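Structure record follows, encoded as structure tokens.
FYI, it's all coordinate maths here, none of it is from the lab. Predicted, not measured: the structure shown is a model, and the values here were computed from it. Positions of Cβ are backbone-derived with ideal geometry, glycine not excepted, and every protein chain shown enters the neighbour counts.
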């Protein structure tokens, strides 16, 4: 079954790099293959200020149009420094606009490669510059194309959608409350997303909620970063001795509670009343 159901259209559609106002578009497969050849060469095109797909595919149709209505794609905030990356804001904006993607579509290289090289080129150049990178080909395939080993959480745009998808709570007063918890620190996000349990909302959601509970109780499990890493390792070890996917919210909470209790006890033994941020 095809991932996308293409919509009929005029013969000129797909030559233009402008943003479609109604339908979501994606690269044709042959165009994607050619783009990989450009990336493999570490082309200087990836230092260009302006998008260059129209130039690369001059006179050829390189886009297909799906039947998926999106209205328009959202603007993404460009980073203003190494710490002001606006990950939460951009995750919410992109996932909100593309909520109707199914998981197969959201894992499609043709979609994210088009968005990275087309509508969001300026954002990508600011967020994922190639200057100063030794292995430019590998870097480009990892962040601009879905060519890396952990591509869904490394691609410059796909990662934002999947952050949102993994944590979204439909019907909640704040459906992105858990998104903020996931992206609270860079290290916390990396510690979770490099482990398989992030893909299962029935595990990830109660895990993040219980962490928030302990933070409210004065046990900050986010800092220092080794503390959060160890907690994620514990989840992995738990999954190694039991089928983690079979755990309910209570069992997930119990894992976090046990770890938080150990942290409290360790702090008490050192003469402190609560787990500090040091």
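Going by how many other beta carbons lie within 10 Å of each one, how would you line up 246, 232, fewest first?
Neighbour counts put them in this order, fewest first: 246, 232.
Over the stretch 184-278, what is the mean sequence separation of C-alpha contacts under 8 Å (at least six apart), divided by residue count, expressed as relative contact order in percent?
Reported relative contact order: 36 percent.
Quickly estimate the mean residue ellipticity at 222 nm for the chain, helices only: each DSSP H run with n ≥ 4 gives -39500 (n - 2.57), and the total goes over all residues, rounded to 500.
-14000 deg cm²/dmol
Alpha carbon centre of the stretch 231-269 versus the stretch 57-90: separation in Å?
38 Å
Treat each spin label as a single point 7 Å out from the Cα along the C-beta direction, and report the residue 194 to residue 246 distance in nm.
3.0 nm
In degrees, nearest 10, range 0 to 90: what is the angle between the Cα axis of helix 29-40 and the longest Cα principal axis of the chain?
Approximately 70 degrees, to the nearest 10.
If you wrap a convex hull around the Cα atoms of the stretch 184-278, how much volume per residue is inside, in Å³?
88 Å³
Any idea how far apart residue 237 and residue 266 come out in nm if each label point goes 7 Å out from Cα toward Cβ?
For residue 237 paired with residue 266, the spin-label model returns 1.1 nm.
Computed FRET efficiency, Cβ-Cβ of residue 174 and residue 133, R0 30 Å: what is it to the nearest 0.05?
Working from the Cβ atoms, E equals 0.20.
Which of the three applies to the stretch 18-107, rounded, prolate or oblate, going by the alpha-carbon gyration tensor with a ≥ b ≥ c and a/c under 1.5 meaning rounded?
oblate
So for the chain, what are the equivalent ellipsoid semi-axes in whole Å, largest first, each being the square root of 5 times an eigenvalue of the Cα gyration tensor?
They are 40, 20, 16 Å, listed largest first.
For a footprinting-style exposure proxy, rank 161, 52, 128 by other Cβ within 10 Å, fewest first.
So the residues, fewest neighbours to most, are 52, 128, 161.
From the C-alpha gyration tensor of the stretch 59-139, pull out the three semi-axes of the equivalent ellipsoid (sqrt of 5λ each), sorted largest to smallest, in whole Å.
Over the Cα atoms of the stretch 59-139, the semi-axes work out to 24, 19, 12 Å.
Could you work out the relative contact order of the chain? I mean the mean sequence separation of Cα pairs under 8 Å and 6+ apart, divided by the number of residues, in percent.
15 percent
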